[in-house]
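One structure is given here, and the rest of the page talks about it.
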Amino acid sequence: MATETLTIGKALNTGLRRALENDPKVVIMGEDVGKLGGVFRITDGLQKDFGDQRVIDTPLAESGIIGTAVGLAIRGYRPVCEIQFDGFVYPAYDQIVSQVAKMHYRSGGKLRIPMVIRIPFGGGIGAVEHHSESPEAYFSHTPGLKVVSCANPQDAYVMIQQAIASDDPIVFLEPKRRYWEKGPVDLDAPLADAYPLHASRVARPGAD
């Protein structure tokens, strides 16, 4: 097995790369995700290797990013949207809760929205307002959305691929303070055998 020591950020990058390789319908879109490789370099090198039709630098318009992704998802693509910072998600909030979360129900189950919304979230990096927020409660209380977060590099590598493969919309929260934490990653781990995406791993049992 190919096991490497990666940071959470590099594990996400490697998982995104694997998803792009495995499915030509996967597209990544967001502000500065292409040439720059993202503010946190999570998409570093992907546009160079997969082209600007699959790793797309968008205008600074979060509502437009999510709205475009909804259309792509309905047409059979699997868009992965990056919201550059957690506090930037609010211009897209209406699209997420009114369109992304409700389209499957509104269509009587006829439409699927297989899209992922990646959001670096949380504080601890000394950033200013709009850059250190924790909006997870808004989304986890919205019917129709599935919300997940990774805790270590192995989970990051597997979960981002599981989220992209899901036929449901996933809000994928990435703990930005921990992007640089390292751990072992089994690059050959089959997704079919991985821990379920929507099950919580008990890291330390307690009585509360």
### Task
Say whether the condition of being touching a strand residue (DSSP E or B) at 6+ places or on another chain (Cβ under 9 Å), open to solvent by less than 70 Å² (accessible area, probe 1.4 Å), in contact (Cβ under 8 Å) with a residue 40 or more places away in the chain and outside any loop (DSSP other than H, G, I, E, B) is met by at least one residue in the stretch 90-99.
yes
### Message
For the structure I just gave you, tell me whether Asp32 is farther than 21 Å from Pro190 by Cβ, in contact (Cβ under 8 Å) with a residue 12 or more places away in the chain and part of a loop (DSSP other than H, G, I, E, B).
### Response
yes
### Task
Test Ile125 against the criterion of being surrounded by 21 or more Cβ atoms within 10 Å (Cβ to Cβ) and either over 13 Å from the mean Cα position of the chain (by Cα) or not in a loop (DSSP other than H, G, I, E, B) (or both), and give yes or no.
no
### Message
Given (1) open to solvent by less than 60 Å² (accessible area, probe 1.4 Å); (2) of a type in the set (S, T, N, Q); (3) closer than 19 Å to Ala189 by Cβ; (4) in contact with a Leu (Cβ under 9 Å, 6 or more places away or on another chain), identify the lone condition not met by Thr3.
### Response
(1)
### Summary
Taking the stretch 100-122 and the residues there that are under 17 Å from the mean Cα position of the chain (by Cα) and not in a strand (DSSP E or B), the one that is surrounded by the fewest Cβ atoms within 10 Å (Cβ to Cβ) would be Gly122
### Task
Considering only the stretch 25-40, state which residues are open to solvent by 60 Å² or more (accessible area, probe 1.4 Å) and either at pLDDT below 95 or under 14 Å from Met115 (Cα atoms) (or both).
Lys25
## Note on the structure
Those residues of the stretch 56-72 which are open to solvent by less than 50 Å² (accessible area, probe 1.4 Å) and part of a helix (DSSP H, G or I) amount to Glu62, Ser63, Gly64, Ile65, Ile66, Gly67, Ala69, Val70, Gly71, Leu72
### Message
Any residue that is under 14 Å from Ile119 (Cα atoms), of a type in the set (Val, Ile, Thr), touching a His at 6+ places or on another chain (Cβ under 9 Å) and surrounded by 17 or more Cβ atoms within 10 Å (Cβ to Cβ) - is there at least one of those in the stretch 152-175?
### Response
no
### Task
Filter the stretch 138-151 down to residues that are open to solvent by 50 Å² or more (accessible area, probe 1.4 Å), over 21 Å from Val39 (Cβ atoms) and either of a type in the set (Asp, Glu) or not in a loop (DSSP other than H, G, I, E, B) (or both), then give me how many there are.
3
### Query
Of the residues in the stretch 73-86, how many are part of a helix (DSSP H, G or I) and buried (at least 19 other Cβ atoms within 10 Å of the Cβ)?
2
### Message
Quick check on my filter: what residues within the stretch 1-16 are within 18 Å of Leu36 (Cα to Cα) and hydroxyl-bearing (Ser, Thr, Tyr)?
### Response
Thr14
### Task
Could you please find all residues in the stretch 155-177 being assigned to a loop (DSSP other than H, G, I, E, B), in contact (Cβ under 8 Å) with a residue 60 or more places away in the chain and among the polar types (S, T, N, Q)?
none
### Summary
From the option list Pro190, Pro135, Pro196, single residue qualifying as open to solvent by less than 20 Å² (accessible area, probe 1.4 Å), of a type outside the set (Phe, Trp, Tyr) and either modelled with pLDDT under 95 or at positive phi (or both) is Pro135
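The values are calculated or read from the model by the stated rules, or taken from the named source; none is laboratory data. All values derive from a computational prediction rather than experimental measurement. No Cβ is skipped: glycine too gets one built from the backbone with ideal geometry, and neighbour counts run over all protein chains shown. To get the accessible areas, we keep the full protein, side chains included, count just its heavy atoms, and leave off ligands, DNA and RNA. Shrake-Rupley method; radii C 1.70, N 1.55, O 1.52, S 1.80 Å.
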